[in-house]
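The structure appears right after this line, and notes come after that.
Rule-based calculations on the coordinates, nothing more; no lab input. Here the structure is a predicted model, which is why all the values come from computation and not from measurement. Here the Cβ is made from the backbone with ideal geometry for all residues, glycine too, and neighbour counts use every protein chain on show.
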Amino acid sequence: MITEDNTASQPAVAQAPSRMAIVARGVGKAYYPQSSPAAALLGALTGRASQTAPFWALRPLDLEVERGEVLGLVGHNGAGKSTLLQILSGTLAPSTGELQVNGRVAALLELGAGFNPEFTGRENLLLNGPLLGLTRQQLAQRLGEIIEFSGIGSFIDQPVKTYSSGMFVRLAFSLATSVDPDILVIDEALSVGDGEFARKSFDRILALRDAGTTILFCSHSMYQIESLCSRALWLDHGQARQIGRPAAVATAYQEHLDAMAAPKTAGAGGSQPVVTSPGHARIRTLVLSSDGVAGNPAHAVSGRSRVDVTIGFESDPSLDSPNAAVALIGADGKTLASSGTWIDGVPLQRNAAGQGTAVISFPALPLLKGSYTLSAYLFCERGLHIYSAAEKFATLTVEQSHLEQGVVSLPHQWHTRPELMQRPADETEGPAQAPLVLPDEWTAQWQTRWSAARDLTGLQGLFEAAFGKPISAARWHWKYRQATTWGSVVLRDDAFAAFFGGMPRTMVLGDTAVAAVQIGDVMVKPSERGVLSRTGPMYRSAAAFFGNMRRLYPGVQFAFGFPSRRHVELGLKLGLYAEADAISELAWTALAPQRQWLTRTRSMPVVAVEPTASKLALLWQAMRHDWPGLLLPVRDAARWQYRYAEHPDHAYQLLMISHRWTGRPLAAVALRGHADHLEWLDYVGGRQGIAAAVRAVRMRAGELGLPRVKGWFSSAPAAAFAEGADVQPTEIRVPVDLWGRPAELADAPRARLWLMAGDTDFR
């Protein structure tokens, strides 16, 4: 019985036939073996065949495949996969059912089955090309390209019986994939020939997929099934067992294999043969070490030992750098964990000869007691094609002193919440640990102090007077909830004249954390704005804050903000600020929604970002890696949870853009809709995700019926995102404080801040 994964996208029966590449109704294949040779002879003489019970190579099934879909087939040998593919490709007639195939089919089943060994390669191309659907004119136009792609050179005019097996399949593959098929059928033929040609064949199939070719792909590699396919079908003894999302089908199939397999002891850990693909990349050396001691087997202590796997490799320097991966396997043969450089956004470094080393480290190893094996791999730059593999090359034995049970010790925290442990409802005087220190020469014309909870109503009134709009108490508390205090206030006769606020903000510069303060709510009462000097309330509120900032937030290195040009010019004149950057507005026209073959865009839950925390962590890591020289405000899941999911007023859209076939995250974006445009507030990801993010955001604007996308960017990200955008200057400037800082530090953040509208406190 077939089980349906309801989360998969299934074509409905009522859909227009034009959307369907393949429609099968009750299609099956049965064979009727004769009971004996004598019975067969008697049946031939009498016209009455004596038959035993039928053998169903493929039991009747219904199947619909949409145009452009990639359907993977999984199952053990003899499960019916090849039978189904032969029926769909037209090389085998079904015993039951009806089949409709819409489009030209190219089948990679038995490569070169129609080749005549006595004919030359060129003659076989001319003979077999028309059989695959090419006209004489098309074949003449493509003949040179087919020969060049095969890489057999002058052997094209030699009889194919003189070819090596690799040359034979290369020529057959080149011809079979040159026909521009609407439907491509692949039976364990993703990689053919030697290492160099295996890569070329893989790239061609990916190109056909990306161009919208419908692909039926049979493989024993669950990794390739999950990476390449949009749906998967599991066949078992000719019976369809499950169809749906590749990950769900692969999991069910693997569990079935695990249940059927006899218990086996994991490999002894000795060095295993390395499977290589010559001419591309290969593993040269493998070293497993625990706490700096190399050995096989290695011994580690749970929660304490540092375990390193070092992979030395060599590769073709003319090709893109490969990727490395390591898998950890339990005693039952199941893969417990794996990691790949392309997943973590870490490109491998090579010398001019294409040689390099990749090291993966597991600090404070979280594995619990037991025996484990490790495997190492080299993949192509996409993380799809395996160049080289060392299966279970080493054994790791883990000991533990504590009583925790299981396989792995997960990071965790315990919390207790006694009813009587409550934070005081009102702090009347500001932070006692950092009292406000003021210059002796300041007069009592204005009183200056830290703000306190009792000031909220007065500050709300000052906010509305300064900015012409109200602010709710919830918005105010949300904004400053991570701050030690709201800021400094200046009063005249107990009436609020000015306020200067600030919020702590963690930033990174490469691998270094940098403590900063984000300036917020610089407010002066309109009637007090005439005093634009060092004796005025604006200067005193700012100077009081800056003069005490490093006592208030120990270790902070600078403060920055987003005021208008007029305000910055005043701060420059008073010696409070240095202008570090300016904000530009980038604008794009909306795009009509269309299917993306390489990427997938999905909404993130705005109410809780945590379910996508692991993907955000990968994107944040890639962002830090790609812009090591910039000061990046932290953009991890906790920040996004606070900034977007917990905002008390605004509704945001959070999108995750991922690779459609591998699931690898490319970028995350935060958006806010307005009446006439879609505002782009935030971006998390490396350089490779920019183009996909721009396209996804423009299409989201099209989906919402908004004509434009607009976003604020400081100079560094503006340069990275500028292609295809209309770039206009704004009145918003980015100042940094000069208070008490050495001259060399005053220029440090200049033009090095990655800032967007989401980094402000008011968008």
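Ordered by the count of other Cβ atoms within 10 Å of each Cβ, fewest first, 177, 135, 535 give 135, 535, 177. Take the Cβ atoms of residue 126 and residue 402, set R0 to 60 Å, and the FRET efficiency comes out at 0.25. Given +1 at the Cβ of Lys and Arg, -1 at the Cβ of Asp and Glu and no other charges, the dipole of the range 578-657 around its Cα centre is 500 debye to the nearest 20. Both the radius of gyration and Dmax for the range 585-759 are 16.4, 55 Å, in that order, over alpha-carbon atoms. Look at where the Cα atoms of the range 107-180 and of the range 287-351 average out, and the two centres are 41 Å apart. Between residue 565 and residue 318, the modelled labels are 5.4 nm apart [label points 7 Å from Cα along Cα→Cβ].
Put the Cα centre of the range 489-533 next to the Cα centre of the range 575-600 and the gap is 27 Å.
Estimated at 0.36 nm per residue, the fully extended path between residue 674 and residue 180 surpasses their Cα-Cα distance by 173.4 nm. Annotation: lysines with alpha-carbon distance below 19 angstrom to residue 392 (same-chain offsets under eight excluded): 264, 334, 369. Taking a straight line from the alpha carbon of residue 710, these lysines sit under 28 Å away, with near neighbours fewer than eight places off in the same chain left out: 469, 479, 615. Charge dipole of the range 68-260 (Cα centre as origin; +1 on each Lys and Arg Cβ, -1 on each Asp and Glu Cβ, all else neutral): 200 debye, rounded to the nearest 20.
With the simple spin-label model, which puts each label point 7 Å out from Cα in the Cβ direction, the residue 62 to residue 25 separation comes to 1.0 nm. Between 280, 345, 335, the Cα set farthest toward the positive side of the dipole of the range 274-399 (charges on each charged residue's Cβ, about the Cα centre) is that of 335. Exposure proxy for 55, 463, 119: other Cβ atoms within 10 Å of each Cβ, ordered fewest to most, give 55, 119, 463. Loop-located GluC sites (Glu not before Pro) across the range 635-718 with a Cβ neighbour count of 15 or fewer within 10 Å are 646, with loop assigned by DSSP. Of the residues 524, 23, the one with the fewest other Cβ atoms within 10 Å heads the list, and the complete ranking is 23, 524. Ranked by the mean number of other Cβ atoms within 10 Å of their residues, highest first, the peptides 96-104, 144-152 fall in the order 144-152, 96-104. Net charge dipole, the range 447-556: roughly 80 debye, given to the nearest 20, about the Cα centre with Cβ charges of +1 for Lys and Arg and -1 for Asp and Glu.
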